[in-house]
1. Just to be sure I understand the filter: pairs with C-beta atoms under 6 Å, separated by 6 or more residues or on different chains, first member in region B:301-327 and on the phi < 0 side of the Ramachandran plot, second member hydroxyl-bearing (S, T, Y). Which pairs pass?
2. For region A:6-27: of the residues being closer than 13 Å to A:I47 by Cα and surrounded by 14 or more Cβ atoms within 10 Å (Cβ to Cβ), which is farthest from the other protein chains (Cβ to nearest Cβ)?
3. Among B:L491, B:L459, which is the only one that is touching a residue at least 12 places away in the same chain (Cβ under 8 Å) and assigned to a helix (DSSP H, G or I)?
4. Considering each of A:I9, A:I47, A:I27 in turn, give the residue that is within 12 Å of the chain's Cα centre (by Cα), modelled with pLDDT of 90 or more, in a loop (DSSP other than H, G, I, E, B) and not charged (D, E, K, R).
5. Has region B:528-537 got any residue that is part of a helix (DSSP H, G or I), without any contact (Cβ under 8 Å) to a residue 40 or more places away in the chain and under 27 Å from the mean Cα position of the chain (by Cα)?
6. Mind counting the residues in region B:200-213 that are free of Cβ contacts under 8 Å to residues at least 24 places away in the same chain and surrounded by 14 or more Cβ atoms within 10 Å (Cβ to Cβ)?
7. Would region B:72-84 turn up any residue that is among the small types (G, A, S) and either buried (at least 17 other Cβ atoms within 10 Å of the Cβ) or under 23 Å from A:D20 (Cα atoms) (or both)?
8. Can you report the number of residues in region B:284-329 which are surrounded by fewer than 24 Cβ atoms within 10 Å (Cβ to Cβ), outside any helix (DSSP H, G or I) and either more than 13 Å from chain A (Cβ to nearest Cβ) or of a type in the set (S, T, Y) (or both)?
Amino acid sequence: MKIKQKGRIAQIEGGQILRDRLMSMGIYLGKEITKVGGFALRGPTSIKSGRSVIALGHGTAEKILVELHD
Amino acid sequence: MIKKIYLIGNPNVGKSVVFSRLTGVQVISSNYPGTTVEISKGYLQLGEDRIEVVDLPGTYSLEPTSRAEEVAVSLLNEFPREEMAVISILDATNLERNLYLTLQLLEAGYQVIICLNMCDDASHRGVNIDTKKLEEILRVPVISACAVTGAGIKFLIQRLPEASIALRPKTTYEERWKQLGVIIEQVQQLTHRHHTLREMLEDASVRPFSGILMGMGVIYVSFKVVRFIGEGLINNVCDPIFNNWYLPLIEKLSAILVPETFWHHVLVGDLINGKIDFKQSLGVLTTAPYIEFAMVLPYVLAFYTILSVLEDVGYLPRLAILLDNLLHKLGLHGYAIIPVLLGLGCNIPGILSTRILESKRERFIASTLISIGVPCVPLQAMIFALLGKYSGFYVGGVYLVLFSIWLILGVILNKTLKGFSPELLIEIPPYRLPPLAVLARKIYFRIKGFIFEAVPIVLAGVLVINLLLYLKMFNYVSNIFSPVIHGLFGLPKETTIALAIGFVRKDVAAGMLMPLGLTVKQLFISATLLAISFPCIATFVVLLKELGWKDLIKSTLIMIITGLAVGTLLNFAILRGI
């Protein structure tokens, strides 16, 4: 996913705790998100979900699979 | 009958601001998630009743994931539900995400009243919310407010007795988000706005290239401004007041008391070349107030001014993104920069705010690194004063040494401690321009805290030191430690006293170094050791409370080893030629 690209969350891997936490912050299956920032060298990624911007560690970001819009 | 009111809501929705408005109790509030890590209590007069109001740390759901959230949720279950009401505080600019917790509260059967905060910002951003409709759908009162200016708070208080239970069937996460989608469609209207400058700056700060540039700019400017305000106040305000107004008074006192007598020794201190010297006389009425008011206070004011601005604008979480990679190497994640920055002011709030970190391991690493490698602002002010007159090179050197310790120690702790550290997962707040009155109140609150906590200890500390010096009680102690202090660190044995005083207060301890006539190298080493060695006793108590005995001892051992190693290395290797 590139910066400024939009997509729909297709799958979230990882344990229940992480999924629950993401869910309570508004990151869940089917949600539209936009990538707003990403750092090289396994740095954090920032996404916009609804009206909030959320920064995720690299490992967490990798677990969120997104279906891209063209 | 309501006896207790809890304020609950997502992180960074302004619970603490509402709390201050309701109770008149001033608490620190900022624009980043996790400002509140402690529970604050206050009272609200409602008709004839005095109701307790409790400000809770922010939480995203009723299933907690960090220590601060745990505290919030467990407190909610402590009190009988029929006697308490919950004010669910929402950020109107982000209604959907915020309502999630409200739905959980309703499902759980609490008496709820909703406060829609930041309504002014919402309309700025083109978000219009139909509160009547929302009230109809949820069947609990909804009040829109702007706590920072106080708008709407009166209505909130008026309608508090209407807080009610509006049970909803318990449901799953997915189902709840679906319901929310439907609710939002009905109550919220978005007007499309073009990207404003503010939004462009928000976006730029989370992108790699522009983000790093902005970060470096912010840090550089902050540092410059702190120096400018601090030095400016010292040279143009504090020093003139002390020299032109206070000195004549003390000279009169000195003549009345007669030099070389006991009381002169305690209150005025020793005469240096026949004169009173605020930096060296070491009296309760000379050096003690001079250190606090003319050397430390200007920097405390400067530091908290800048910190408060950065906090309220909402820049700090953006710094967390930039530093995430680096902090990962230390077993922390980017958000640990918040406790570290607070620790640069005073270690106590720094260590308390490690509660925003999720695991015990992270909290141990962060607290240990703060107490060893992060000097508080009073000590930093003294380091500027002690070494600054030689050259900025030495001042920078102390920071460089401390920063290296911080890095090396962090890497070692990360490699040796069991367990793993979770990843960064934080919400980045929008930029907000804090009203000046709000900023001023916050800075005033912090300065007042500093003066009330520090000054009595400083005066009492200098008094006790003077008595002990007069009775020559220190000789015994300094002789015992002489092999380490002199043998390893190359310092005169009198510095033992100063280092020991560091346990009471760091600024006084550094002040004790002034009359000793140390060389630059000795000043450098003792200032660095003061920063590394035992945190002051108040910090120690907080460390004990946060970590428990076992981890405190572990942390202390790490500190002693680090201090010994660094002192010796500096003396025999790094500063050898100086």
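1. Close Cβ pairs satisfying both conditions: B:I306/B:S222; B:E311/B:S30; B:D312/B:S30; B:V313/B:Y431; B:L316/B:Y32; B:P317/B:Y32; B:R318/B:S205; B:A320/B:Y335.
2. Quick first cut of region A:6-27, residues closer than 13 Å to A:I47 by Cα only: A:6-9, A:22, A:25-27.
Then keep just the ones that are surrounded by 14 or more Cβ atoms within 10 Å (Cβ to Cβ); that gives A:6-7, A:9, A:22, A:25-27.
Working: A:K6: 14, A:G7: 18, A:I9: 12, A:L22: 8, A:M25: 5, A:G26: 4, A:I27: 9 Å.
So the residue we want is A:G7.
3. Answer to the check: B:L459.
4. The conditions single out A:I27.
5. Within region B:528-537, one or more residues are part of a helix (DSSP H, G or I), without any contact (Cβ under 8 Å) to a residue 40 or more places away in the chain and under 27 Å from the mean Cα position of the chain (by Cα).
6. The qualifying residues number 5.
7. Step one: list which residues in region B:72-84 are among the small types (G, A, S), which gives B:72, B:74.
Among the residues that remain, those that are also either buried (at least 17 other Cβ atoms within 10 Å of the Cβ) or under 23 Å from A:D20 (Cα atoms) (or both) are: B:72, B:74.
Scanning region B:72-84, I find at least one residue that is among the small types (G, A, S) and either buried (at least 17 other Cβ atoms within 10 Å of the Cβ) or under 23 Å from A:D20 (Cα atoms) (or both), so the answer is yes.
8. Counting residues in region B:284-329 that are surrounded by fewer than 24 Cβ atoms within 10 Å (Cβ to Cβ), outside any helix (DSSP H, G or I) and either more than 13 Å from chain A (Cβ to nearest Cβ) or of a type in the set (S, T, Y) (or both) gives 3.
The values are calculated or read from the model by the stated rules, or taken from the named source; none is laboratory data. As the structure is a computational prediction, the values presented were derived from the model and not from experiment. For neighbour counting, all protein chains shown are included, and Cβ atoms are generated from backbone atoms with ideal geometry for every residue, glycine included.
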